[in-house]
1. Report, by residue number, each residue of the stretch 225-250 that is among the β-branched types (Val, Ile, Thr) and either in contact with a helix residue (DSSP H, G or I) (Cβ under 7 Å, 6 or more places away or on another chain) or part of a helix (DSSP H, G or I) (or both).
2. Give the residues of the stretch 281-310 that are modelled with pLDDT under 90 and hydroxyl-bearing (Ser, Thr, Tyr), sorted by residue number.
3. Based on what the data block shows, is TRP92 free of Cβ contacts under 8 Å to residues at least 24 places away in the same chain, within 14 Å of ASN16 (Cα to Cα) and not hydroxyl-bearing (Ser, Thr, Tyr)?
4. Regarding the stretch 281-303, can at least one residue be identified that is over 30 Å from GLY198 (Cβ atoms) and either in contact with a Ser or Thr (Cβ under 6 Å, 6 or more places away or on another chain) or not assigned by TED's automatic domain parsing to the domain that holds HIS5 (or both)?
5. Taking the stated definitions as given, is SER286 under 24 Å from ILE176 (Cβ atoms), among the polar types (S, T, N, Q) and touching a helix residue (DSSP H, G or I) at 6+ places or on another chain (Cβ under 8 Å)?
6. Just checking, does the stretch 263-283 include any residue being more than 23 Å from GLY156 (Cβ to Cβ) and not aliphatic (A, V, I, L, M)?
7. Looking at (1) surrounded by 18 or more Cβ atoms within 10 Å (Cβ to Cβ); (2) assigned to a loop (DSSP other than H, G, I, E, B), which is the only condition PHE118 fails?
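The values are calculated or read from the model by the stated rules, or taken from the named source; none is laboratory data. None of the values given here were measured: they were computed from a predicted structure. Backbone-built Cβ (ideal geometry, glycine too); neighbour counts: all protein chains shown.
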Amino acid sequence: MVFVHELGHFVVARRNGIKCEEFGFGFPPRAVGCYFNEKNKKWEIVAGNKHIESKNTIYSLNWFPLGGFVRIKGEDGTGKVDKDSFASKSAWIRIKVLAAGVIMNFILAWVLFSFLLFLGINQEVDQNDTTIKDAKIQIVTVAPKSPAYEMGIREGDTVVKCVGDDSRCAQAFSNIAQLQNFVIDNKGKQITFEVLRGSKTLNLTGTPRIESPVGEGLLGVGLAQTIFVKYSLWESIKQGPSVMWNVMLMMGVVIGSLFAGDTSNIGGPLAIAHFTKQATALGFASLVQLAALLSINLGIVNILPIPALDGGRILFILIEKIKGSPVSQKTENALHTTGFFLLMMLMAYLVVNDLMRYGFGGIF
């Protein structure tokens, strides 16, 4: 996701005559790179972090494979007299370069969602609609440390049937209400769910709570009734933006809750690892869906007007246009540094929060 984001910055910068000193996959230190030597008229290899003076971009592989980066000339405000410097370009061109990464993330999400619709997805339907055939009950959320989580139930599982203390209670369910009533009738008793996870059938045993905490049920799961739908290629392309928009609205609510001090729905890199592990178990389509969600998430977060992020840099350019002169470079750099430090503090908090929520084993 980060690689595609940085590719957007790189392409738009180059198209507007801005020099990109290095475009890397992964984060430094550099393992190896290559660039086109103008004197020799051939591509040459660069080993390690050796400094190279070149008019052309160094394309590098770096030791930490966590996304990518692009080093744009003049991005730090220097070189305002150089024609190939970011700092010398008009406000509109600078905004285009900064916004290109976010746009690329949204384009990628559109492509992935369209591909997913073409492959076929599970779509939620009204459980009271008796005309719908072949509907199934899916787990859409699982509260951490809930009875369902301890049983091994995960997001994306499909409930096939349940068995109570008495084996004669074995039954399948035609709607969510029947399943919920079964759990209520067996609260405090051991039950077994038979679920489908991808192509695997699992039997998961646990005990529903007698009393449920606020915001959770006796098991701690969210349920949806779904059917499998598949679209034509053209219809998939048309429907992709609609799916994206719905996802963006949901993410907007979650991000808004973060600013209100609620971090219960926010996850960090370990949460991503946790959900990637689950998506892998559910199959290729779930991985595609997760990639699309992460791409939208990365785009939305980066466009927020927070120093150190693309949106924060765009904000300073807009302030420059409004006041007629740029913000002091020293002040801007200080704010970006502070913003980056606060983001790292938030990341550290989320890592600890993820470990407390899922446990080490639940993540890895």
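1. Step one: of the stretch 225-250, the residues among the β-branched types (Val, Ile, Thr) are 226-227, 229, 237, 243, 247.
Listed by number, the residues that qualify are ILE237, VAL243, VAL247.
2. SER286
3. Yes; evaluated as a whole, the condition is true for this residue.
4. So the first thing to find is which residues in the stretch 281-303 are over 30 Å from GLY198 (Cβ atoms), and the list is 302-303.
With either in contact with a Ser or Thr (Cβ under 6 Å, 6 or more places away or on another chain) or not assigned by TED's automatic domain parsing to the domain that holds HIS5 (or both) added as a condition, the list becomes 302-303.
Looking for residues that are over 30 Å from GLY198 (Cβ atoms) and either in contact with a Ser or Thr (Cβ under 6 Å, 6 or more places away or on another chain) or not assigned by TED's automatic domain parsing to the domain that holds HIS5 (or both), one finds at least one in the stretch 281-303, hence yes.
5. Numbers: under 24 Å from ILE176 (Cβ atoms): yes; among the polar types (S, T, N, Q): yes; touching a helix residue (DSSP H, G or I) at 6+ places or on another chain (Cβ under 8 Å): yes.
Judged against the criteria, SER286 is a match.
6. Filtering the stretch 263-283 down to residues more than 23 Å from GLY156 (Cβ to Cβ) leaves 263.
Still in the list and also not aliphatic (A, V, I, L, M): 263.
Yes: one or more hits.
7. Failed condition: (2).
Yes/no per residue for (1) in the same structural domain as ASN297 (by TED's automatic domain parsing); (2) among the small types (Gly, Ala, Ser); (3) at pLDDT 90 or above; (4) under 24 Å from ASN302 (Cα atoms):
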site	(1), (2), (3), (4)
LEU7	no, no, yes, yes
GLU21	no, no, yes, yes
GLY24	no, yes, yes, yes
VAL32	no, no, yes, no
GLU38	no, no, no, no
GLY48	no, yes, no, no
LYS73	no, no, yes, yes
VAL81	no, no, no, no
LYS96	no, no, yes, yes
